[in-house]
Each structure stands twice: as structure tokens, then as C-alpha cells.
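Contents: one structure, followed by commentary.
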Amino acid sequence: MSLKKIIREYFSYSTSEKRGLLVLALILITVFVLPEFINTDSTPDSIPKKNENLDSLIAILSSKGKLKNPALFLFDPNKASAEDFKKLGLRDYQTRNILKYREKGGVFRSKADFRKIYGIKDDDYNRLKDYINIPPAIKNEKVKNIAKRRVELELFNFDPNTIDKVEWEKLGVNDRMSNRIIKYLSTGARFKNADDLGKIYGFDSLLLKRLKPYVHIKPLKEKSVKIELVDLNLADTSILKTLPGIGKTLSNRIVKYKELLGGYISKSQLLEVYGISEETFRALENRVCVSPVLLQKISINQCNAKILGQHPYISRRMSSDIVKYRERVGNFTSVEDLKNKHLLSDSVFQKVQPYLSIE
């Protein structure tokens, strides 16, 4: 095939194709050539003009909600209104954040607190910090709240030689201080008057001043030279209250726990009484004893799950398993069956064994 035929084959167009090319050429001429004849001066300045418009828009957006000529005056951020913040030159969103902080209970106690508001920048804070005026009453509000809580404490007549930790707490004495008092009494020392409480290291002098009118110390009998031991199984609440660190509340708990157990077999069981700490126990350990009384035992062949589960050492699940096993297999032949049949663990069995029987 000749070169002429090749060119004619690839570059020959039909009538419709020629018309399309003509229309395309006219469009290109209109887009690229015609503006040169219509406005020759518009092209060089078009880009700068667009940039100027963009800069103007940014300036308007950045200055939205901001006063052009802000005033500076003393203000309290806890009381100032939205209009006051606007006069000071703060933007609308900054003002909204401040008001929301106050609505939620927030309080400005210092100038530095104002800087913590979201949206307050360093230049805003540095411009306004010298004009922030917070009254001293706001700054001392936290101290007043503490004093108010102290006033709400329960006050009653008491003997510092006999009350327990629970009663000390009601009077406003913390755990650390009540432990020191109990330790002091465990040495055999005794408070002779209200001022002696001040001898306890760290005792609050203001609290002592409030408590002094309520201190009533019972006179100590001089003839009581020998200290008699208190029997945990025989003593009532009045006798138990004579022990160091044991007051009305703990004495009632000791008696109630004795009834739940069926009797004390060791004075170390006092540590299982709610509210008696190791410090309290060490203070009275040498002042108590346990007599070999007849314990109140529970028959594992006759009791129901409810009665058995009331014992402090046996959980409801344990009592249920024991009763179900007895109903399914028959009566137990010995208390040791509870351990041999894996109904109780070794540790639980050792504790509860003295309180169980098969009769």
C-alpha cells in the first residue's frame, strides 16, 4: 500500500465528523482568543483581586464576635455578664464557655483559673489579668465549707477513756488520731481532764476547744489496784465498755457476735467483730479472757439450711449443700463427714467444728 493511500485512510473524515471538528474549533477559539479582545486588562489583575477578596473574608470571620475597640475595667469573672465580657473584647464563643463553666457550678478562685477556660488564649489573659478582681470571700470559700462540715458533726457528752473508734469518728476525730488515743490508753495511761487530750500528738486544737464542754470523765476508784479480766462469754455491755477503745457501739457488737457464734472459744475472735481493728485488739488483749462455757451447738442432722446459714462461719451455699446431701444420702455419722465428703474446706471446718454436733 502506498504512503498516499495510508494517509488518506487514516486522515479522511466523513461529513458528520468534519462538522464536529468545526464546532470544536469554534469553541476553542471562543474560550482562548475572544477574552483577549473583550477585556485585555482583566487577566493580570484577576488573581490579585481574588486574593484580596479572600483576605477580606478571613478578616471578617476572625473578627466575628470581637469588639473593635475593647474597654478595660475591673471585673469579677464569677459575676460579670455576657455584655461585660463583650466590652472587654472577648469573642462570643469565649463568653459562652465562661458562662457554661459558671452554670455547672464552677467558681473562679484565682486569676489563673480564668486562663484555664477553653478558648482563652495567652494574649487575652495577659491583656485582662490585671483587671481581674476576685473578692476574698470566694477565695476562702473552701475553708468555710470545711468549717461548715465540722459544725455538722454530732456532739454529745463522752468519757475519752471509754468511747470507741465509731464514737470518736462522730465527734470529728479521724482514724489515725483515734488509733493514737487507743494506743495511749493501752499503756495504762488515763485522761484526767479534757486538756489531757491535747497531749496526744497532732490532736486538733480547734477541735479540742469545741469538744471540751462535752468531756465528762468518771472518777477512777483508787482501791482498784488489781485489774480483773473481763470474760467475753459472761460480760454484758456495761462491763465491756470499761475496756480501752470499747464504747457503746462495739460492746453491743461483741455481745451480738457471741450469740451468733454460740460462744467465744478464743479471744482472737474479737478481730472478727466489725469495727475492732488490730490496734484496738492489742490494747485490750491482756484485759480479756474466755471461760470454757457450754457452747450452743447446731445439730447438722436436724437443722434446716436457714438456721445453719446464720452461723458466721457457714455461708448460705455451704448450708444448702449440707442439707441437700443429708436429704439425699441420710444422716451424718460424725461432724467430720462434712470435711471427708468435701462439703466444707479444711480451714472452714477447723473454725466451725466446735459449734456443730450430730445430735
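Sketch the reach of a paramagnetic label on Ser110 as a point 7 Å from Cα along Cα-to-Cβ, and name the residues of region 77-95 whose backbone nitrogen lies under 18 Å away. So the set is 77-78. Do any of Lys297/Lys339; Lys183/Lys209; Lys306/Lys341; Lys199/Lys248 go past 19 Å between their Cα atoms, and which? Among Lys297/Lys339; Lys183/Lys209; Lys306/Lys341; Lys199/Lys248, the Cα-Cα distance tops 19 Å for Lys183/Lys209; Lys306/Lys341; Lys199/Lys248. Close amide H pairs (under 5 Å, H built 1.01 Å from N) link Asp231 with Cys289, residues at least 5 positions away or on another chain.
Taking amide H as placed 1.01 Å from N in the peptide plane, the amide H of Ile134 sits under 5 Å from none that are at least 5 places away or on another chain.
Measuring against 19 Å, Cα to Cα, the residue pairs Lys192/Lys212; Lys192/Lys267; Lys241/Lys267; Lys165/Lys351 contain Lys192/Lys267; Lys165/Lys351 as the ones spanning a longer distance. With protein chains left intact and a 1.4 Å probe, residues in region 261-359 average 58 Å² of accessible area per residue.
The values are calculated or read from the model by the stated rules, or taken from the named source; none is laboratory data. This one's a predicted model, so the numbers in the text were calculated from it and none came from an experiment. Counting neighbours? That spans all protein chains shown, and the Cβs are built from the backbone with ideal geometry, glycine included. The area values use the complete protein model at the heavy-atom level, side chains included, leaving out ligands, DNA and RNA. Shrake-Rupley method; radii C 1.70, N 1.55, O 1.52, S 1.80 Å.
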